[in-house]
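J.: Below is one structure. I have some questions about it.
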Amino acid sequence: MNKILFSLSIVATMIPSAIFSQQANTLKEAYKDDFFIGAALDLSQIYEADKQAADIVKNQFSSIVAENCMKSMFLQPKEGQFFFDDADKFVALGEKYNMFTIGHTLIWHSQLPDWFFVDKNGKDVSVEVLKQRMKSHISTVVTRYKGRVKGWDVVNEAIMENGSYRKSKFYEILGEEFIPLAFKYAQEADPDAELYYNDYNEWHPGKIETVVKMVKNLKSRGIRIDGVGMQAHIDMTSPTLAEYENAIVKYTAAGVKVNITELDLSVLPSPWGTSANISDKVEYNEKMNPYKTGLPKDAEEKWENRYADFFRLFLKHKSKVRRVTLWGVTDAQSWKNDFPVKGRTDYPLFFDRNCNTKPIVEKMIQLAK
Ligand code: 9MR
């Protein structure tokens, strides 16, 4: 060994290991060999107007998804009139910071423009017209971001907990076939993008059964589906780890990757479980809003432990899990403050209302090491 190299190696042994470990002091660094770690962005983050939140996004996350601005009511408010400003900005941000950019969502019964299912007399459109509208929406959007948006939530929330199909207009007019059609149109528009089916409560046995059947049906027909997005709007009791794990294993056995999507752990009492059906609202009462002025230490610890249990599960199944995405950056932004009870103070995310990093971040970093 020459003299310079020798002295360098001596110096290296003198540097405390803490300094080396600082290299992995962000979530994305800590999980880089395991899965993407992502966040859903609102407009203030997409435009980097909220500088502190934007810095968190840039430093901590390796993947982003738009919380709202790529939904059809925003992208195509009137037939044939597309509005791309916000989505363009979002995709550009992903490129600027080299993040795995996800498009959410192409076909969803909610946040959909009124014109989508009706003709000029207000009557339901025909099978052919609805197919053409779906195709036009999907092709226009996916083609615009071809090669830049790396994965699409092609269909969102089409199957109920008991395994039946949601009686949306897509289903009423096209039957189950609207799902394969949506995947086919997306695949044609960008053959290289990953394509996902995304839903909440996907650990319910009935839902698992139908989603698995749908995945197998697509595959047997040569229509590509790469992943199932398991939304994770969870609370302190539901689902159990075993329920969640069972679902991960079942979806993987059907031949797709699992994305843990829309992760937020509510610390507040839940009136019923973990529905994310936005129409299921419950009246406000004080008992349902116990932490208005701050989260007590013991409640925060329980919350951290439950998050840790889930992250341990994701790490255990890291060969099956492609991405873990939190549904927001800060508690201030979270939809959970208004759902299922409007006007509560919830603490579901990793950064507090003032963009401070919560202790959970360091804990999740240590877990990965
Ligand atoms: O977080 C989103 C919130 O800002 C919107 O008001 C709401 C409207 O439905 O949608 C929220 O995101 C939903 C996601 O797109 C699909 N799964 C359920 C999420 C929470 O409702």
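The values are calculated or read from the model by the stated rules, or taken from the named source; none is laboratory data. Bear in mind the structure is a predicted one, so any value in this text is a computation, not a measurement. Neighbour counts are summed over all protein chains in view; Cβ atoms, including those assigned to glycine, are modelled from backbone coordinates with ideal geometry. For accessibility, only protein heavy atoms count, side chains too; no ligands or nucleic acids. Shrake-Rupley method; radii C 1.70, N 1.55, O 1.52, S 1.80 Å.
J.: Out of the residues in the range 276-294 that are within 24 Å of Gln231 (Cβ to Cβ) and outside any loop (DSSP other than H, G, I, E, B), state the one that is farthest from the chain's Cα centre (by Cα).
T.: Of everything passing the filter in the range 276-294, Met288 is farthest from the chain's Cα centre (by Cα).
J.: Let me ask something else. Scanning for something part of a helix (DSSP H, G or I) and surrounded by fewer than 17 Cβ atoms within 10 Å (Cβ to Cβ), does the range 178-198 turn up at least one residue?
T.: Going residue by residue through the range 178-198, those that are part of a helix (DSSP H, G or I) are 178-189.
Cutting the leftovers down to surrounded by fewer than 17 Cβ atoms within 10 Å (Cβ to Cβ) gives us 188.
Yes, the range 178-198 has at least one match.
J.: Which residue out of Ala232, Ala242 is assigned to a helix (DSSP H, G or I) and either at negative phi or open to solvent by less than 50 Å² (accessible area, probe 1.4 Å) (or both)? Walk me through how you get there before you give the answer.
T.: Working: Ala232 fails: assigned to a helix (DSSP H, G or I).
When all the criteria are applied, what remains is Ala242.
J.: Let me ask something additional. List the pairs whose first member sits in the range 196-222 and is among the hydroxyl-bearing types (Ser, Thr, Tyr), whose second member is open to solvent by 70 Å² or more (accessible area, probe 1.4 Å), and whose Cβ atoms are under 9 Å apart, counting only residues at least 6 apart or on separate chains?
T.: Final answer for the pair search is Tyr196/Lys257; Thr210/Asn162.
J.: For the range 131-148, give me each residue that is more than 16 Å from the ligand (Cβ to nearest atom) and open to solvent by less than 30 Å² (accessible area, probe 1.4 Å). Break it down into steps so the answer makes sense when it comes.
T.: From the range 131-148, those more than 16 Å from the ligand (Cβ to nearest atom) are 131-140, 142-148; that's our starting set.
Of everything in the range 131-148, those that are more than 16 Å from the ligand (Cβ to nearest atom) and open to solvent by less than 30 Å² (accessible area, probe 1.4 Å) turn out to be Arg133, Met134, His137, Ile138, Val142, Tyr145.
J.: Still on this model: Out of curiosity, is Tyr171 closer than 30 Å to Trp272 by Cβ, open to solvent by 50 Å² or more (accessible area, probe 1.4 Å), among the aromatic types (Phe, Trp, Tyr) and at pLDDT 95 or above? Steps first, answer last, please.
T.: Numbers: closer than 30 Å to Trp272 by Cβ: yes; open to solvent by 50 Å² or more (accessible area, probe 1.4 Å): yes; among the aromatic types (Phe, Trp, Tyr): yes; at pLDDT 95 or above: yes.
Yes, satisfied.
J.: May I ask you to list the residues in the range 120-130 that are of a type outside the set (S, T, N, Q), open to solvent by 60 Å² or more (accessible area, probe 1.4 Å) and out of contact with any strand residue (DSSP E or B) (no Cβ under 7 Å at 6 or more places or on another chain)? Break it down into steps so the answer makes sense when it comes.
T.: Of the range 120-130, the ones of a type outside the set (S, T, N, Q) are 120, 122-125, 127-130.
After this cut, where a residue has to be open to solvent by 60 Å² or more (accessible area, probe 1.4 Å) as well, the list is 120, 123-124, 127-128.
Within the range 120-130, Lys120, Lys123, Val127, Glu128 qualify.
J.: Considering only residues that are surrounded by 22 or more Cβ atoms within 10 Å (Cβ to Cβ), outside any helix (DSSP H, G or I) and either polar (S, T, N, Q) or within 11 Å of the ligand (Cβ to nearest atom) (or both), which ones fall in the range 326-339?
T.: Of the range 326-339, the ones surrounded by 22 or more Cβ atoms within 10 Å (Cβ to Cβ) are 326-331, 333-334, 336.
Keeping just the survivors that are outside any helix (DSSP H, G or I) gives 326-330, 334.
Those that are surrounded by 22 or more Cβ atoms within 10 Å (Cβ to Cβ), outside any helix (DSSP H, G or I) and either polar (S, T, N, Q) or within 11 Å of the ligand (Cβ to nearest atom) (or both): Trp327, Gly328, Thr330, Ser334.
J.: Is the range 205-223 home to any residue that is over 20 Å from Asn156 (Cβ atoms), of a type outside the set (D, E, K, R) and open to solvent by less than 30 Å² (accessible area, probe 1.4 Å)?
T.: No, every residue in the range 205-223 fails to be over 20 Å from Asn156 (Cβ atoms), of a type outside the set (D, E, K, R) and open to solvent by less than 30 Å² (accessible area, probe 1.4 Å).
J.: I've got another one for you. Looking for something in a helix (DSSP H, G or I), within 16 Å of the ligand (Cβ to nearest atom) and of a type outside the set (Lys, Arg) - is there at least one such residue anywhere in the range 157-166?
T.: No, every residue in the range 157-166 fails to be in a helix (DSSP H, G or I), within 16 Å of the ligand (Cβ to nearest atom) and of a type outside the set (Lys, Arg).
J.: Could you run through the range 257-316 and say how many residues are among the charged types (D, E, K, R), within 16 Å of the ligand (Cβ to nearest atom) and either modelled with pLDDT of 95 or more or crowded, with 16+ Cβ neighbours inside 10 Å (or both)? Steps first, answer last, please.
T.: Taking the range 257-316 and keeping what is among the charged types (D, E, K, R), we get 257, 262, 264, 280-281, 283, 286-287, 292, 297-298, 300-302, 304, 306, 309, 312, 316.
Remaining after also requiring within 16 Å of the ligand (Cβ to nearest atom): 262, 264, 280-281.
From what's left, either modelled with pLDDT of 95 or more or crowded, with 16+ Cβ neighbours inside 10 Å (or both): 262, 264.
Count: 2.
J.: While we're looking at this one, here's another question. Quickly run through the range 340-361 and pick out the residues that are open to solvent by less than 30 Å² (accessible area, probe 1.4 Å) and assigned to a helix (DSSP H, G or I).
T.: Correct list: Ile360, Val361.
J.: Would you check which residues across the range 60-87 are away from the ligand (no atom under 14 Å from the Cβ) and either over 15 Å from Gln45 (Cβ atoms) or hydroxyl-bearing (Ser, Thr, Tyr) (or both) and list them?
T.: The answer is Ser62, Ser63, Gln76, Pro77, Lys78, Glu79, Gly80, Gln81, Phe82, Phe83, Phe84, Asp85.
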